[in-house]
1. Which one is modelled with the lowest pLDDT among residues in the range 83-119 that are over 21 Å from V175 (Cα atoms) and either touching a strand residue (DSSP E or B) at 6+ places or on another chain (Cβ under 9 Å) or acidic (D, E) (or both)?
2. How many residues are surrounded by 16 or more Cβ atoms within 10 Å (Cβ to Cβ) and in a loop (DSSP other than H, G, I, E, B) if we restrict to the range 26-68?
3. Taking the range 135-162 on its own, how many of its residues are more than 17 Å from S178 (Cβ to Cβ) and in a helix (DSSP H, G or I)?
Amino acid sequence: MRITKAPDERKAEIIEVAKELFLNKGIDKSSVNEIVRNVGVAQGLFYYYFKTKQEVVEAVIDDLIQDMIIDTKSILQDPLIDFYEKIRKFIRTFFSLVLNDKGAFTTDFHLPKNKELRQDAMNKAIKLISPYMVDVVENGVKEGKAKVKYPRSTVIMLFYGICTMTHEEELTEEVILSMVEQSLGIKHGMLTSSI
């Protein structure tokens with residue numbers, strides 16, 4: 001017997017199944033047939049929600065970005081965490097999500113043919129997350145813990161710089177935190193001393 005679900009619930013289910021397949025097998029090795037088979041729906045229903053496989057790939061990326069926003073926002077808006085710890089925790093959380101290998105999905109995502117997809121994902125993530133980080137930096141400036149003349153521009157520059165360097169071997173948490181200290185005018189060692 002076929003189970004009827006609300007359209008939003010069914011679409012979310014398709015995205016979740018696609019995400020699991022992409023993470024385990026990669027984008028290229030996962031087919032629309034496989035997605036619908038695992039969801040247990042007809043192929044026509046997939047195309048009701050998504051015109052192409054590319055659209056579901058973009059929906060999966062949007063879903064991953066939303067997960068990232070939830071994780072990072074909870075850190076940056078926590079009033080019990082001080083300025084330096086917010087920066088450290090944010091860097092650990094955000095960049096572990098960006099830097100951590102997500103298996104076959106990461107391999108496919110970094111193929112030259114997916115450069116535009118990668119750039120769009122980075123732009124979306126930075127656009128959605130940077131306002132929270134800018135607030136933290138502006139508060140750090142008010143508290144005298146950071147010295148930066150252009151908080152918004154500096155935060156965005158840091159995001160783009162670090163995101164485009166994600167596959168550099170020497171890019172460690174300590175290197176990232178040191179770059180953040182220098183860029184935000186934070187006293188040397190305030191972020192890196194706990195590593």
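1. So the first thing to find is which residues in the range 83-119 are over 21 Å from V175 (Cα atoms), and the list is 102-119.
Adding the requirement that they be either touching a strand residue (DSSP E or B) at 6+ places or on another chain (Cβ under 9 Å) or acidic (D, E) (or both) leaves 108, 116.
Working: D108: 74, E116: 88.
If we take residues in the range 83-119 being over 21 Å from V175 (Cα atoms) and either touching a strand residue (DSSP E or B) at 6+ places or on another chain (Cβ under 9 Å) or acidic (D, E) (or both), then D108 is modelled with the lowest pLDDT.
2. Selection size over the range 26-68: 5.
3. Going residue by residue through the range 135-162, those that are more than 17 Å from S178 (Cβ to Cβ) are 135-136, 138-139, 141-144, 149-153, 156, 160.
With the extra rule that they be in a helix (DSSP H, G or I), the set shrinks to 135-136, 138-139, 141-142, 151-153, 156, 160.
The qualifying residues number 11.
The values are calculated or read from the model by the stated rules, or taken from the named source; none is laboratory data. Note that the structure is predicted; figures quoted are calculated from it, not measured. Backbone-built Cβ (ideal geometry, glycine too); neighbour counts: all protein chains shown.
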